[in-house]
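**Student:** Supplied in structure tokens, the structure appears directly below.
The values are calculated or read from the model by the stated rules, or taken from the named source; none is laboratory data. Worth saying up front: this structure is predicted, and the values here are computed from it rather than measured. Because the Cβ atoms are built from the backbone with ideal geometry, glycine has one as well, and the counts that use them run over all protein chains shown. Areas reflect the complete protein model, heavy atoms only, side chains present, ligands, DNA and RNA absent. Shrake-Rupley method; radii C 1.70, N 1.55, O 1.52, S 1.80 Å.
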Amino acid sequence: MIKISNNPEVDSAIDNAKANALEMNHEFITPEHLLLAFLSQEKFIQSLVSSPEVDEQDVRRLRAQLLTAVMCVPADGNGEEAEPSAQLVDLVTAAEEEALSQGRNTLTVCDVMWCFDTLTQSSADDYLAETVADRNFGTFLANLSQHYHIEWNPLLNKIPETATTPFETFGDDFTAMMSGDDSSRRSTGLHYVREMAPMLKGRHPLVGRDRELERIMQVLCRKGKNNPLLLGESGVGKTAIVFGLAARLAEGNVPNRLKDCKLYMLDMGQMIAGSQYRGELEDRLTKVFDGLTADDGKAILFIDEMHELMGASSGDGLDAAGVLVPYLDTGKVRVIGTTTYEDFNRRLSRSKGLVRRCQNIDIAEPTHDEAVRIVTALLPHYEQFHQVRYADGVLDFAVRASSRHLQDRFQPDKAIDLIDESGAYMQMHPTEERVVDKPLVAQVLARMANVEALSVNDDDTKRLESLEPRIKGYIYGQDEAVSQVVQAVQMAKAGLVDDGKPLASLLFVGPTGVGKTEVARVLAREMGVQLVRFDMSEFAEKHTVAKFIGSPAGYVGYDDGGQLTDAVRKNPDCVLLFDEIEKAHSDIFDILLQVMDYGVLTDNKGCKAHFQNVVIIMTSNAGAQWARQAGVGFASNVTTGAAMLSEVKKTFKPEFINRLSGIVVFHDMNHDMAGLILDKKLREVQAKLSLRHVTLTVSDQARERLLALGYSQQYGAREMDRVLTRHVKSLLMREILFGSLKQGGQATLTLNGDELVLAQFEAITNPS
């Protein structure tokens, strides 16, 4: 471990540290072992007690703390010699570099002690810093050099008047903002907090929220239970409200009882870091409140993410949240906490005593107008930062579009992120005007929300207006059904459907092979969104229903989540197709009821999936077998649609049918429809052949023969696929792989008697 020579005192300490670790059956030698070994040397003790304000009682306390620390080291040595821990290796390496920087090849005690402050998350350094205050650290090193007879040059080592220890990292650079000297802060634990008033510089101003601020100040002015707890979803502005209170305190725009009060912020993450031993976190928190209590009731402590106090301590000792209760009862320290509803219910509510001493204040998501006002107030900051200009109407569009497409997040955070990222996009793709307009915001949001830009830009009414003729260009003979589907979508886009519901919830009924699934596929493509399809035959059993929203806790598949909820969260704008819905278990319909009614579904982990921008399509063959009774008999008034609807009402529950936007009836395939479908299928075949440089010509006689073979009122268009595969694609396959079309060419499909054949091959000399 040691690369340069060292004096006898360092050798002795390392040997004793090894022996102690071996005796305790420890696998690793830690800095705590080494510092404890130095405390067995009389010279080291004399150097300590010679420092100002350090006596033998402090030395005994230091030894007791180190003994407690090393007793907590895992005993996995198995009787073998212990190895140096990573922290100890870092310590010795830094000490060697320090010795070499002074031109010495000898490692001394002063080098080791000086480099203790290079450690992070080390109890040994913490305890040493508590014993020897920073202002006395230089004196301590001078005493070491005197008692150990070491040539130690503080100027050469650039030791400042006040040495820096890892404790200062807990407050970052904000420790300089605190009142009192450093030793006072360290003894009271105030190095874990920072005053919020100096942190206001550069932060966005608080816009609105006057009602919430008044409620917070009213709670703070109470005699008892004067601790506001802000409850709200992530991104609604809980922390911003607390900074708004800090600005009010700095300006003096507060009630008399709050004047001269100081608002401090607890750095919870840094406080927890390194608290690896039992009771260490509670000890740090106790010191913080002891220091704040001395401020005679003028200190207000802000704890962001207050639920982190629950279960934060190491081992089975007192939970950190329990430390707060006695101090809150005194009324000398007031606490403002923030948390989300989920974290409050899951973690913080377990501490009944703490919750009872706090006053819950709900921080709701701002309305559309409030969010626009907030973003408008912040806009100059982003225009100056990105050196861009935001066009008129962009902010309103950003708030509206982010509310629609980023439904798992909350305003105003998501709208602010959208305008910020739009400005960043302009930095990557600058233009001469440097103007952020609606199309750019829509393009950025499409990437953020994983949707097509066409679905984000709701101003593109031309594509919506031409949606029906474009779908009819692919779907033949079902004009009435297509018109009904397009009308439902346009109705939703016009904002004439109930808020919170899906764009449309449609049930397609009709015989097999007439285009029910194809309409859903074409609709998704023409709307520019994803098609998410579920084959409901996979959910026929009762136990498979759990796959929709995820298995309950304790069951196999709990960590996998729900197939339906995950799919909608990944594709918030989509056409959701439930194919052959009548084959699913009846419990599936109970799940779909709330989706069609409220547009929200909660999975097994409590996460919500929003369906407000989803077109739900369910296909069913129910009633198709009864459609043939339409027109049977003389002067029968039973139509195909009526026969299907009659059976649908028997198959599905009334509450399910009642929540549908519409039931779309698909008619049987007739001869004209079959001819259009055949031509479409032949064009698809030709598109595939063009990749092989093959051109196919179909004679009129061959087309009529294919139409006669493929037209089936019972099986629909799927029979046409089978006929093309059997009579056309099989012929082309042999010629392309083994015959005249291996290098491409032209071929004609003709009729020879009743048999379809390929003839008149013409090679292509230079296929491109």
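**Student:** Please work out which one of (1) part of a helix (DSSP H, G or I); (2) closer than 28 Å to residue 448 by Cβ is the condition residue 597 fails and give its number.
**Tutor:** Answer for residue 597: the failing condition is (2).
**Student:** Continuing with this model, one more query. Residues of region 513-540 being touching a Gly at 6+ places or on another chain (Cβ under 8 Å) and of a type in the set (A, V, I, L, M, F, W, C), which ones?
**Tutor:** 514 - this is the single residue of region 513-540 that is touching a Gly at 6+ places or on another chain (Cβ under 8 Å) and of a type in the set (A, V, I, L, M, F, W, C).
**Student:** In region 223-273, what count of residues is obtained for those that are farther than 20 Å from residue 305 by Cα, touching a residue at least 12 places away in the same chain (Cβ under 8 Å), open to solvent by 50 Å² or more (accessible area, probe 1.4 Å) and in a helix (DSSP H, G or I)?
**Tutor:** Matching residues across region 223-273 total 3.
**Student:** Just for helices (runs of 4 or more DSSP H) wholly inside region 651-768: which have at least 3 residues that are within 30 Å of residue 586 (Cβ to Cβ), open to solvent by 70 Å² or more (accessible area, probe 1.4 Å) and not aromatic (Phe, Trp, Tyr)?
**Tutor:** 654-658
**Student:** If you check residue 497 against the conditions, is it open to solvent by 20 Å² or more (accessible area, probe 1.4 Å), within 28 Å of the chain's Cα centre (by Cα), under 22 Å from residue 405 (Cα atoms) and hydrophobic (A, V, I, L, M, F, W, C)?
**Tutor:** When the stated conditions are applied, residue 497 does not pass them.
**Student:** Could you give me the residue pairs with C-beta distances under 7 Å whose first residue belongs to region 473-494 and is of a type in the set (Ser, Thr, Tyr), whose second residue is at pLDDT 85 or above and buried (at least 16 other Cβ atoms within 10 Å of the Cβ) wherever it lies, and which are 6+ apart or on separate chains?
**Tutor:** Qualifying pairs under 7 Å: 474/522; 483/468.
**Student:** May I pose another question? Quick test for you: out of 48, 36, pick the one residue that is more than 15 Å from residue 141 (Cβ to Cβ) and open to solvent by less than 70 Å² (accessible area, probe 1.4 Å).
**Tutor:** Criteria check complete, one pass: 36.
**Student:** Something else now. Does residue 601 satisfy being at pLDDT 80 or above, surrounded by 15 or more Cβ atoms within 10 Å (Cβ to Cβ) and in contact with a strand residue (DSSP E or B) (Cβ under 6 Å, 6 or more places away or on another chain)?
**Tutor:** yes
**Student:** Scan 485, 529, 522 and give me the residue that is surrounded by 16 or more Cβ atoms within 10 Å (Cβ to Cβ), closer than 20 Å to residue 578 by Cβ and modelled with pLDDT under 85.
**Tutor:** Within the list 485, 529, 522, the selection yields 529.
**Student:** Sticking with this one: Within region 1-27, how many residues are open to solvent by 60 Å² or more (accessible area, probe 1.4 Å) and in contact (Cβ under 8 Å) with a residue 60 or more places away in the chain?
**Tutor:** Counting residues in region 1-27 that are open to solvent by 60 Å² or more (accessible area, probe 1.4 Å) and in contact (Cβ under 8 Å) with a residue 60 or more places away in the chain gives 5.
**Student:** Going by the structure shown, is residue 415 under 16 Å from residue 207 (Cα atoms), under 24 Å from the mean Cα position of the chain (by Cα), assigned to a loop (DSSP other than H, G, I, E, B) and among the small types (Gly, Ala, Ser)?
**Tutor:** Spelling it out, it is not the case that residue 415 is under 16 Å from residue 207 (Cα atoms), under 24 Å from the mean Cα position of the chain (by Cα), assigned to a loop (DSSP other than H, G, I, E, B) and among the small types (Gly, Ala, Ser).
**Student:** Hey, another quick one. Find the residue count for region 545-578, including only residues that are over 21 Å from residue 666 (Cβ atoms), at pLDDT 85 or above and among the β-branched types (Val, Ile, Thr).
**Tutor:** Number satisfying all stated conditions: 2.
**Student:** How do the pairs read when you match residues in region 322-337 that are hydroxyl-bearing (Ser, Thr, Tyr) with residues anywhere that are open to solvent by 30 Å² or more (accessible area, probe 1.4 Å), using Cβ under 8 Å and keeping only pairs 6 or more apart or on different chains?
**Tutor:** 327/293; 330/293
**Student:** Under 25 Å from the mean Cα position of the chain (by Cα), modelled with pLDDT of 85 or more and crowded, with 17+ Cβ neighbours inside 10 Å: does that describe residue 446?
**Tutor:** Criteria not met by residue 446.
**Student:** Mind listing whichever residues of region 391-405 are of a type outside the set (Lys, Arg) and open to solvent by 10 Å² or more (accessible area, probe 1.4 Å)?
**Tutor:** 391, 392, 393, 395, 396, 403
**Student:** Considering (1) modelled with pLDDT of 80 or more; (2) open to solvent by 30 Å² or more (accessible area, probe 1.4 Å); (3) touching a Pro at 6+ places or on another chain (Cβ under 9 Å), say which one residue 220 fails and leave the rest.
**Tutor:** Answer for residue 220: the failing condition is (2).
**Student:** For region 8-29, what are the residues that are within 20 Å of residue 91 (Cα to Cα) and either of a type in the set (A, V, I, L, M) or assigned to a loop (DSSP other than H, G, I, E, B) (or both)?
**Tutor:** 10, 13, 14, 17, 19, 21, 26, 27, 29
**Student:** Is there a residue in region 472-482 that is within 15 Å of residue 613 (Cα to Cα) and not aliphatic (A, V, I, L, M)?
**Tutor:** Checking region 472-482: not a single residue is within 15 Å of residue 613 (Cα to Cα) and not aliphatic (A, V, I, L, M).
**Student:** Sort through 57, 41 and tell me the only one that's under 19 Å from residue 141 (Cβ atoms), out of contact with any Phe, Trp or Tyr (no Cβ under 7 Å at 6 or more places or on another chain) and either open to solvent by 70 Å² or more (accessible area, probe 1.4 Å) or of a type in the set (S, T, N, Q) (or both).
**Tutor:** 41
**Student:** Does residue 414 satisfy the condition of being closer than 30 Å to residue 231 by Cβ and either buried (at least 19 other Cβ atoms within 10 Å of the Cβ) or not polar (S, T, N, Q) (or both)?
**Tutor:** yes
**Student:** Please work out if residue 408 is acidic (Asp, Glu) and either closer than 15 Å to residue 382 by Cβ or assigned to a helix (DSSP H, G or I) (or both).
**Tutor:** So residue 408 does not fit the description; no.
**Student:** Scan region 364-398 residue by residue and report those that are of a type in the set (D, E, K, R) and in a loop (DSSP other than H, G, I, E, B).
**Tutor:** The answer is 365, 392.
**Student:** Turning to a different aspect of this structure: Any idea which of (1) under 28 Å from residue 423 (Cα atoms); (2) at pLDDT 90 or above is the one residue 336 doesn't satisfy?
**Tutor:** Only one criterion in (1) under 28 Å from residue 423 (Cα atoms); (2) at pLDDT 90 or above is unmet by residue 336, namely (1).
**Student:** Considering 734, 726, 683, which residue is closer than 21 Å to residue 515 by Cα, out of contact with any strand residue (DSSP E or B) (no Cβ under 7 Å at 6 or more places or on another chain) and free of Cβ contacts under 8 Å to residues at least 12 places away in the same chain?
**Tutor:** Unique residue meeting the criteria: 683.
**Student:** Mind listing whichever residues of region 500-510 are open to solvent by less than 10 Å² (accessible area, probe 1.4 Å) and either modelled with pLDDT under 85 or over 30 Å from the mean Cα position of the chain (by Cα) (or both)?
**Tutor:** Passing the criteria: 506, 507, 508, 509, 510.
**Student:** Taking region 532-553 on its own, how many of its residues are open to solvent by less than 10 Å² (accessible area, probe 1.4 Å) and more than 27 Å from the chain's Cα centre (by Cα)?
**Tutor:** The total comes to 2.
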